[in-house]
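The values are calculated or read from the model by the stated rules, or taken from the named source; none is laboratory data. The structure presented is a predicted model; accordingly, all values stated were derived computationally and were not measured. As a convention, Cβ positions derive from the backbone with ideal geometry for all residues, glycine included, and neighbour counts pool all protein chains shown. Note: areas computed on protein heavy atoms with side chains; ligands, DNA, RNA excluded. Shrake-Rupley method; radii C 1.70, N 1.55, O 1.52, S 1.80 Å.
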Amino acid sequence: MPATTLKLNNGQQIPALGLGCWMSKPVEGDNPETYEMVVQALKTGYRHLDTAAGYGNEKAVGRAVRDSDIPRSEIFVTTKLGFDGHDDVEGHFKKSFDALDIEYIDLFLMHWPQAKKGDDWVPKDQSPTFAETWKEMEKLVKGGKCRSIGVSNFSVENLELLLKSADIVPAVNQVEANIYHPQASLHKYCAEKNIHLTAYCPIGQPKPEVGSKVLKDEVLIGLGEKYGKPAAAVALSWLVQRGNWSAVPKSANPTRMAQNLEIFELEKADFEALSKVHEQPGKLMISCDYGSGDIMEKGEIFGWSLKDMGWEKLD
Ligand SMILES: NC(=O)c1ccc[n+]([C@@H]2O[C@H](COP(=O)([O-])OP(=O)(O)OC[C@H]3O[C@@H](n4cnc5c(N)ncnc54)[C@H](OP(=O)(O)O)[C@@H]3O)[C@@H](O)[C@H]2O)c1
């Protein structure tokens, strides 16, 4: 069986499978959908929850955690600093901390390397740079309210820049990863630097009725039939079996939510076959819909060029 928990570089344990809490759009208010989803997930056995200030649902996630009879120490909760939080990290951490209201935050991620001031994206070389933001995040782990800090959407290039001035090596980098976007260079680099990777869009962000390209992959479907498992469970098992990876699929549907927890060990040849499917023409791709069109075609995302992001070449 692939590991069900993994150790971060500071000794903290992270469950390999978590529940993504992005509800396709930011949400407001009491947010019963998120609350019900998290209550159901905790009943189903999830012990790792992934939210963000930008998802608008930290309150509902926190309430579900508090209402469960599971000891706080058994649940791992990640939240993230939004674009608008880079020049007031302490203030924005406090907002997330208060909204969640769960004694401490297990992992606080810089959601994106980009900062935003008002309506304007801050260019990469201007303050607050992500290195400056990171310096502020480093202060958070001293107070006991935050166990680990990390980043998200960081490429090898940007991690290299960050590590030049960092005192704390990020515990985690959360990025899109799945069989059509395996992030080979990042996988190698993060293993060398002892940075854990968490995969978002791990099943390619299927849409109702349409599904996802990832889940329609013939090799994946064939292996699902061979093992008698849903394609999503095969895709998630592959990710976790790579080692150094956790994954946070989102499902509000109790059946799919349970299926996604069914990770199992793939035979070596099957694991290797899945590791190669992205090499087939047209299969290497970004699946995440960032709400701004085809970013590879536009050459930019959230105000930065793909070069700034280190995303020019997918692997
Ligand atoms: N750091 C970042 O910048 C970033 C970016 C994107 C996402 N994330 C995080 O990663 C999480 C996961 O990513 P995501 O939600 O975009 O994509 P995803 O987990 O790949 O896909 C979610 C979609 O798949 C459906 N689904 C779930 N399990 C399924 C299954 N077994 N079979 C078929 N369909 C299934 C869900 O619908 P149902 O709910 O109806 O099952 C939902 O529409 C997010 O929720 C968020 O926490 C982080």
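Full extension of the chain between residue 119 and residue 216 yields a length gain of 31.1 nm, computed as 0.36 nm times the residue separation minus the alpha carbon distance. What is the sum of charges, Lys and Arg at +1 and Asp and Glu at -1, for the other residues whose Cβ falls under 12 Å from the Cβ of residue 219? Within the 12 Å Cβ shell, the charges total -2. Here the 3J(HN,Hα) profile of the stretch 295-308, calculated from phi with Karplus coefficients 6.51, -1.76 and 1.60 at θ = phi - 60°, is 5, 5, 6, 6, x, 8, 8, 6, x, 10, 6, 4, 5, 4 Hz, Gly and Pro shown as x. Taking 7 Å steps out from each Cα toward its Cβ at residue 90 and residue 142 produces label points 1.0 nm apart. Counting only DSSP beta bridges whose two residues both lie in the chain, roughly 25 percent are antiparallel.
Stretched out straight at 0.36 nm per residue, the stretch from residue 185 to residue 43 would grow longer than its current Cα-Cα span by 47.5 nm. Label 7 Å along Cα→Cβ of residue 283; the stretch 207-241 residues with amide nitrogen under 12 Å? Residues passing the 12 Å test: 214-223.
Residues whose amide H lies under 5 Å from that of residue 116, counting only those 5 or more places away or on a different chain, are 84, 85, 86, 122; hydrogens are built 1.01 Å from N in the peptide plane.
May I ask you to work out the translational diffusion coefficient for the chain at 20 °C, viscosity 1.002 mPa s, via Stokes-Einstein with Rh from the Kirkwood sum over Cα pairs, reported in whole µm²/s? D, rounded to a whole number, is 109 µm²/s. Using 0.36 nm per residue and subtracting the Cα-Cα separation, the extra length available between residue 163 and residue 193 on full extension is 9.8 nm.
Apply the a/c threshold of 1.5 to the C-alpha gyration tensor of the stretch 1-91 and tell me whether it is rounded, prolate or oblate. Show your work: numbers first, answer last.
Details: a/c = 1.90, a/b = 1.19, b/c = 1.61.
It comes out oblate by the Cα gyration axes.
The accessible surface of the chain, taken with every protein chain in place and a 1.4 Å probe, is 50 percent carbon and sulfur.
Over 32 Å apart at the Cα level, from the set 216/313; 142/164; 95/164; 43/207; 142/307; 164/268, are 142/307; 164/268.
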